[in-house]
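A.B. asks: To start, I am sharing the structure in question, which I have written as structure tokens.
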Amino acid sequence: MIVLGVESSCDETGLALYDTQRGLLAHALHSQIAMHREYGGVVPELASRDHVRRTLPLLNEVMQKATIQKQDIDAIAYTQGPGLAGALLVGASFACGLGMALNKPVLGVHHLEGHLLSPLLASQPPEFPFIALLVSGGHTQLMRVDGIGAYQLLGETLDDAAGEAFDKSAKLLGLPYPGGPEISRLAEFGNPGDFTFPRPMLHSKDLNFSFSGLKTAVLTVIKNQTANICEQNKADIARGFVDALVDVLVAKCLTAMKESGLKRLVIAGGVGANRQLRAALNAVAAKRRFQVYYPELEFCTDNGAMIAFAGAMRLKKNPAAATRDYGFNVRPRWPLHELSAA
Ligand code: KG4
Ligand code: ZN
């Protein structure tokens, strides 16, 4: 079965073809980062309009790369939510229009399920069950994953997501959007311990997170600098911020691993690309004797491959999950727990 995946929930247009027998056939991505950078963040209307421009050329690109015909596609999976309403509408209408033209069934996929399953695209995928840390721009959640659709939420952020904390703190340091990779790069040059930031909810005895205070702490430190902040200062602040955030993420993962007794930890979402987080997790995993799995770097941030894959897994489980009813709606707010296990 060949599934075309269409991702357009935020500022990346991603298309991909996944074959349940042969694996990922092709994927193509257009990132709008350069366009939004000028505004310091994603401008939703510009995002929607750009998705309109990019989708068809990207479809042609994946068809060429995979050397298959459109009629060879068995089903079309698109991100139905959560995300920006206008951006989601572009992908959904494209997928449903194409489905109608080709008389192929369509299927709405949950963006976070895409992220959650993206490590399974790797050459050495984890087996179920596992604990998953989902760290993206909009979400920070710890989950127990027993199979496709069998997701149990163990804890989540009470305010800002980890990626949001990265982006907002980076902005305070005058770094361009998106701030996660920028602040991470800068932190490499910072001295550890020069700035110590709070570790929010580190001892809360649950698996919830809170990152908005961390961003405020960064703001306070910047405001308290009497002289202009030099580059070294910035790097030291970035280092203090990253160390604090990584400490909390790692500690909560450890608690989840201990409480569940499981031996596999999966990291998914944009912040999963973070090198300091990966280094810290790898170190504790070696010590505590559990395995950590990450998506390929290119599949940490938004992409079409994870949507094609999640769609294919859903269809494998339940072929009736796709429909030839081409009327569609998008779900900009769609809690993952509302997903059925079917
Ligand atoms: O998963 P994603 O592409 O989009 C959402 O679904 O939100 O995640 C984007 C987030 C942004 O906040 C970005 O700054 C962060 O992931 N990010 C990183 C890194 N690469 C992306 N954060 C820290 N370090 C990175 N290397
Ligand atoms: Zn995402």
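A.B. asks: Is there any pair with a first residue in the stretch 301-329 that is at pLDDT 95 or above and a second that is part of a loop (DSSP other than H, G, I, E, B) and among the polar types (S, T, N, Q) whose Cβ atoms are under 7 Å apart and which are 6 or more apart or on different chains, and what are they?
C.D. replies: If the second residue must be part of a loop (DSSP other than H, G, I, E, B) and among the polar types (S, T, N, Q), the pairs left are 302/9; 312/20; 316/20.
A.B. asks: Give me a count of the residues in the stretch 1-56 that are away from ligand 2 (no atom under 16 Å from the Cβ) and within 21 Å of residue 182 (Cα to Cα).
C.D. replies: The total comes to 7.
Conditions (1) more than 15 Å from ligand 1 (Cβ to nearest atom); (2) in contact with a strand residue (DSSP E or B) (Cβ under 6 Å, 6 or more places away or on another chain); (3) on the phi < 0 side of the Ramachandran plot, marked per residue:
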{"position": "83", "(1), (2), (3)": "no, no, no"}
{"position": "86", "(1), (2), (3)": "yes, no, yes"}
{"position": "89", "(1), (2), (3)": "yes, no, yes"}
{"position": "116", "(1), (2), (3)": "no, yes, yes"}
{"position": "124", "(1), (2), (3)": "yes, no, yes"}
{"position": "135", "(1), (2), (3)": "no, no, yes"}
{"position": "179", "(1), (2), (3)": "no, no, yes"}
{"position": "188", "(1), (2), (3)": "no, no, yes"}
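A.B. asks: I've got another one for you. I need the full set of residues from the stretch 241-257 which are of a type outside the set (A, V, I, L, M, F, W, C) and surrounded by fewer than 22 Cβ atoms within 10 Å (Cβ to Cβ), in order please.
C.D. replies: The answer is 243, 247, 255.
A.B. asks: Also, I was wondering about something else. If you go through the stretch 223-235 one residue at a time, do you hit one that is more than 16 Å from ligand 2 (Cβ to nearest atom), in a loop (DSSP other than H, G, I, E, B) and buried (at least 21 other Cβ atoms within 10 Å of the Cβ)?
C.D. replies: The answer is no, given that none of the residues of the stretch 223-235 is more than 16 Å from ligand 2 (Cβ to nearest atom), in a loop (DSSP other than H, G, I, E, B) and buried (at least 21 other Cβ atoms within 10 Å of the Cβ).
A.B. asks: Among the numbered conditions (1) under 19 Å from the mean Cα position of the chain (by Cα); (2) of a type in the set (A, V, I, L, M, F, W, C); (3) more than 22 Å from residue 269 (Cβ to Cβ), tell me where residue 6 comes up short.
C.D. replies: Residue 6 satisfies every listed condition except (3).
A.B. asks: When the residues of the stretch 42-56 are narrowed to those that are charged (D, E, K, R) and surrounded by 19 or more Cβ atoms within 10 Å (Cβ to Cβ), which ends up nearest to residue 171 (Cα to Cα)?
C.D. replies: 50
A.B. asks: Right, next: Sort out which residues of the stretch 74-88 are surrounded by fewer than 21 Cβ atoms within 10 Å (Cβ to Cβ) and part of a loop (DSSP other than H, G, I, E, B), and write them in order of number.
C.D. replies: Selection gives 74 alone.
A.B. asks: A follow-up question, please. Please specify each residue of the stretch 152-168 satisfying the condition of being in a strand (DSSP E or B) and within 16 Å of ligand 1 (Cβ to nearest atom).
C.D. replies: 156, 157
This table checks each residue for (1) more than 16 Å from residue 149 (Cβ to Cβ); (2) in a loop (DSSP other than H, G, I, E, B); (3) not hydrophobic (A, V, I, L, M, F, W, C).
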site: 286; (1), (2), (3): yes, no, no
site: 292; (1), (2), (3): yes, no, no
site: 298; (1), (2), (3): yes, no, yes
site: 301; (1), (2), (3): yes, yes, yes
site: 308; (1), (2), (3): yes, no, no
site: 326; (1), (2), (3): yes, yes, yes
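A.B. asks: Something else now. If we scan the stretch 188-200, do we find a residue that is touching a residue at least 60 places away in the same chain (Cβ under 8 Å), buried (at least 19 other Cβ atoms within 10 Å of the Cβ) and not polar (S, T, N, Q)?
C.D. replies: No; the residues of the stretch 188-200 include none that is touching a residue at least 60 places away in the same chain (Cβ under 8 Å), buried (at least 19 other Cβ atoms within 10 Å of the Cβ) and not polar (S, T, N, Q).
A.B. asks: How many residues are more than 16 Å from ligand 2 (Cβ to nearest atom), surrounded by 22 or more Cβ atoms within 10 Å (Cβ to Cβ) and not β-branched (Val, Ile, Thr) when one looks only at the stretch 95-119?
C.D. replies: 3
The values are calculated or read from the model by the stated rules, or taken from the named source; none is laboratory data. Predicted model only: the values in this text are computed from it and were never measured. Don't worry about glycine lacking a Cβ; one is built from the backbone with ideal geometry, like all the others, and counts go over all protein chains shown.
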